[in-house]
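As structure tokens, the structure follows; a few thoughts come after it.
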Amino acid sequence: MIRFDGVTKQFPDGTTAVDDLSLTAPTGKITVLVGPSGCGKTTSLRMVNRMIEPTRGGISLDGQDTGRMDAAELRRGIGYVIQHAGLFPHRTVLDNIGTVPRLLGWDKKKVKDRSRELLEVVGLDPKLGNRYPTQLSGGQQQRVGVARALAADPPVMLMDEPFSAVDPIVRDQLQDEFLRLQDELGKTIVFVTHDIDEAIKLGDQVAVLRVGGTLAQVAEPQYLLAHPADDFVADFVGKDRGYRALQFEHAPRLTLHSEPSVVVGETPSSRASWLLVVDDDRTPLGWVEPARVGDRPVASEDLHRGGTVARASGSLRGALDAALSSPARRGVLVDNDGVLVGTVRAHEVLTAIEETERPERDEDDPVHGGAMDVSGERG
Amino acid sequence: MDWFLANWPRVIDLAGSHLYLSGVPLVVGLVLSVPLGWAAVRWRASYPAIITSSGLLYTIPSLALFIVMPLILGTRILDPFNVLAAMTVYTLALLVRTVADGLSAVPDHVEQAATAMGYGGLRRLFGVQLPLAVPVIASGLRVASVSNVSIVSVASLIGVSQLGDLLIDGYQRVIYGELLTGILACVVLALALDRLIVLGARLLTPWQTAGGGAA
């Protein structure tokens, strides 16, 4: 558990970057600090491993005051990932990953083995191990950055906009893998971003900071979307927050309809206006209009690919989007292996939404209401 | 050519001394300029003082420095050590700034990452900063090597032998073959040192020559 206790940071030029910040990042959870530029989120992050010293207040790690620890030792016990990865250009990928274990004095063989293992953990080809950072793509570099931070298995990780310098598709992929990894590792993570979507997707708890470094609100993401504490937070979480909140509502409640389908390469027998096309493994490929295809086999060019596909175990947001984007107005749902399980209509999703309870508002404490309960934690 | 063929053992001998008198100070100067350059970067306030004063050393005329050295060091007038010391001063004058520039050129995000990983003090200097400063330092070293090869020939005037002897003797006795040999031998020596430094830098920076492009 990381605890900020009335932390203030004033720089010598008189600007206040962080103003009386009190916040707890619970053990094993992801706490996201989000806000516009100038809100002091990076400064707050760097005060945890004392790259910046607070002017007033203190930060404790599992109850221990970080101000009393040896700075270099403290840092070796905290994983750190930054934008652009910050890899050492003169070291190979494996040597980069082994940085902290080497500093901790592990023996060479152990460092090498651990580095190889991590390369796999973050989903990189072992062949890349002997390359230099400049020979990797941005996404690959970022994975190496994460591997390097994990190398000595620190309980705490600090991540400063780690995914913001890669393109949106890679970013999405990295975020998903990061969540999968966190599921296994359960690190205590403080994650800084300016992107509210990323904050909501990744955070177990989201702290919104405003310019001047004051805490506007800290809450679980659903709560934040449902009950912004003030206009600033409401503005920051965005206009489509109602829609976005749906990503936290799970879809299993939906009753699915079985959907007639045709395997690509076969001739459609149905004369429905839209027919779903699947491959040999029953993975949906797209929709066709049988009237246009006529009596010949369905070819890849006939496919209408506009519809999104949602996972049946996924969120209501995904299900609703699948229904809204489908040319047949029937949203396609698949299981975790991508196999078709059925379809759902938008109004059915909406009915499910209406039956969903919204997080209740805590009238006593608008700023901390809905934050994670850490009272039972150690420290 | 005839002159060289008739005197080549002596030329080789002088070239050896020349290399020794200009090369050793290059190495010693480099080793000394690292802490000075590092200090200039580490304590920003000291930067102007260190850089300016070391740079000014280069303006001392070489003959004067060669003559003054015995007074400073208490050595004998003809001791080659005077030349080694003076050449080290010139190397230092050129390299302190280069080392400081090289160390400051380490990208910010790399420095931050080093801090965050828990790198401090000497391990940071030798593990991260110096390796990354190699290309810049090597370019300064190339300038210093050429400068040393050139300046050290003046030492013939105070009786320390090297290729400069050929220039002075050739000039005084009007032996063009000897003059030409002296000049060419200096050029060859300077080029050889230069290649050696380039090669050394390449070996120390394999990441710079590794085939680029994302996989």
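Within the group A:139, A:186, A:129, which residue is in contact (Cβ under 8 Å) with a residue 40 or more places away in the chain, small (Gly, Ala, Ser) and in the same structural domain as residue A:27 (by TED's automatic domain parsing)?
On inspection, the qualifying residue turns out to be A:186.
Please report, ordered by residue number, the helices (runs of 4 or more DSSP H) entirely within region B:131-215 with at least 3 residues that are modelled with pLDDT of 90 or more.
B:176-204
All but one of (1) touching a helix residue (DSSP H, G or I) at 6+ places or on another chain (Cβ under 8 Å); (2) aliphatic (A, V, I, L, M); (3) more than 30 Å from residue B:100 (Cβ to Cβ); (4) without any contact (Cβ under 8 Å) to a residue 60 or more places away in the chain hold for residue B:175; state the number of the condition that does not hold.
Residue B:175 satisfies all of (1) touching a helix residue (DSSP H, G or I) at 6+ places or on another chain (Cβ under 8 Å); (2) aliphatic (A, V, I, L, M); (3) more than 30 Å from residue B:100 (Cβ to Cβ); (4) without any contact (Cβ under 8 Å) to a residue 60 or more places away in the chain except (4).
Check off (1) outside any helix (DSSP H, G or I); (2) more than 19 Å from residue B:155 (Cα to Cα); (3) within 16 Å of the chain's Cα centre (by Cα) for residue B:59 and give me the number that stays unchecked.
(2)
Every residue in region B:100-127 that is at positive phi and either touching a Phe, Trp or Tyr at 6+ places or on another chain (Cβ under 9 Å) or in contact (Cβ under 8 Å) with a residue 60 or more places away in the chain (or both), please.
Listed by number, the list is empty, since nothing qualifies.
Table: residues versus (1) surrounded by 19 or more Cβ atoms within 10 Å (Cβ to Cβ); (2) within 18 Å of residue B:13 (Cβ to Cβ); (3) within 14 Å of another protein chain (Cβ to nearest Cβ).
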position: B:106; (1), (2), (3): yes, no, yes
position: B:118; (1), (2), (3): yes, no, yes
position: B:133; (1), (2), (3): yes, no, yes
position: B:159; (1), (2), (3): no, yes, no
position: B:196; (1), (2), (3): no, no, no
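Given (1) touching a Leu at 6+ places or on another chain (Cβ under 7 Å); (2) free of Cβ contacts under 8 Å to residues at least 60 places away in the same chain; (3) of a type outside the set (Ser, Thr, Tyr); (4) over 30 Å from residue A:19 (Cα atoms), identify the lone condition not met by residue A:237.
(4)
Could you look through region B:120-129, keep only residues that are of a type in the set (A, V, I, L, M, F, W, C) and more than 7 Å from chain A (Cβ to nearest Cβ), and pick out the one that is surrounded by the fewest Cβ atoms within 10 Å (Cβ to Cβ)?
B:122
Can you report the number of residues in region A:148-174 which are touching a Phe, Trp or Tyr at 6+ places or on another chain (Cβ under 6 Å) and either over 13 Å from residue A:77 (Cβ atoms) or without any contact (Cβ under 8 Å) to a residue 24 or more places away in the chain (or both)?
3
If I filter region A:208-250 down to residues being in a strand (DSSP E or B) and among the β-branched types (Val, Ile, Thr), which single residue comes out as surrounded by the fewest Cβ atoms within 10 Å (Cβ to Cβ)?
A:214
Quick one: which residue in A:294, A:370, A:318 is surrounded by 13 or more Cβ atoms within 10 Å (Cβ to Cβ), at pLDDT below 85 and either of a type outside the set (A, V, I, L, M) or under 30 Å from residue A:27 (Cβ atoms) (or both)?
After applying the criteria, what remains is A:370.
On the given criteria, is residue B:174 on the phi > 0 side of the Ramachandran plot and surrounded by fewer than 20 Cβ atoms within 10 Å (Cβ to Cβ)?
Judged against the criteria, residue B:174 is a match.
When only residues in region B:90-130 that are under 24 Å from the mean Cα position of the chain (by Cα) and outside any helix (DSSP H, G or I) count, which is nearest to residue A:133 (Cα to Cα)?
Restricting to residues being under 24 Å from the mean Cα position of the chain (by Cα) and outside any helix (DSSP H, G or I), the top hit is B:106.
Would you pick out the residues in region B:65-80 that are surrounded by fewer than 11 Cβ atoms within 10 Å (Cβ to Cβ) and at pLDDT 85 or above?
B:71
Is it true that residue B:71 is in contact with a Gly (Cβ under 6 Å, 6 or more places away or on another chain) and assigned to a helix (DSSP H, G or I)?
No: the conditions fail for residue B:71.
Of all helices (runs of 4 or more DSSP H) completely enclosed by region A:47-129, which ones contain at least 3 residues that are within 8 Å of chain B (Cβ to nearest Cβ)?
Where helices (runs of 4 or more DSSP H) fall fully within region A:47-129 and carry at least 3 residues being within 8 Å of chain B (Cβ to nearest Cβ), they are A:71-76, A:99-103.
For region A:130-161, what are the residues that are within 10 Å of chain B (Cβ to nearest Cβ), under 24 Å from residue A:106 (Cβ atoms) and assigned to a helix (DSSP H, G or I)?
Those that are within 10 Å of chain B (Cβ to nearest Cβ), under 24 Å from residue A:106 (Cβ atoms) and assigned to a helix (DSSP H, G or I): A:130, A:133, A:141, A:145, A:148, A:149.
Taking region A:1-24 as the region of interest, how many residues are assigned to a strand (DSSP E or B) and under 26 Å from the mean Cα position of the chain (by Cα)?
So the answer is 9.
The values are calculated or read from the model by the stated rules, or taken from the named source; none is laboratory data. These numbers were taken from a predicted model, which means no experiment stands behind them. Here Cβ is always computed from backbone atoms with ideal geometry, including for glycine, and neighbour counts include all displayed protein chains.
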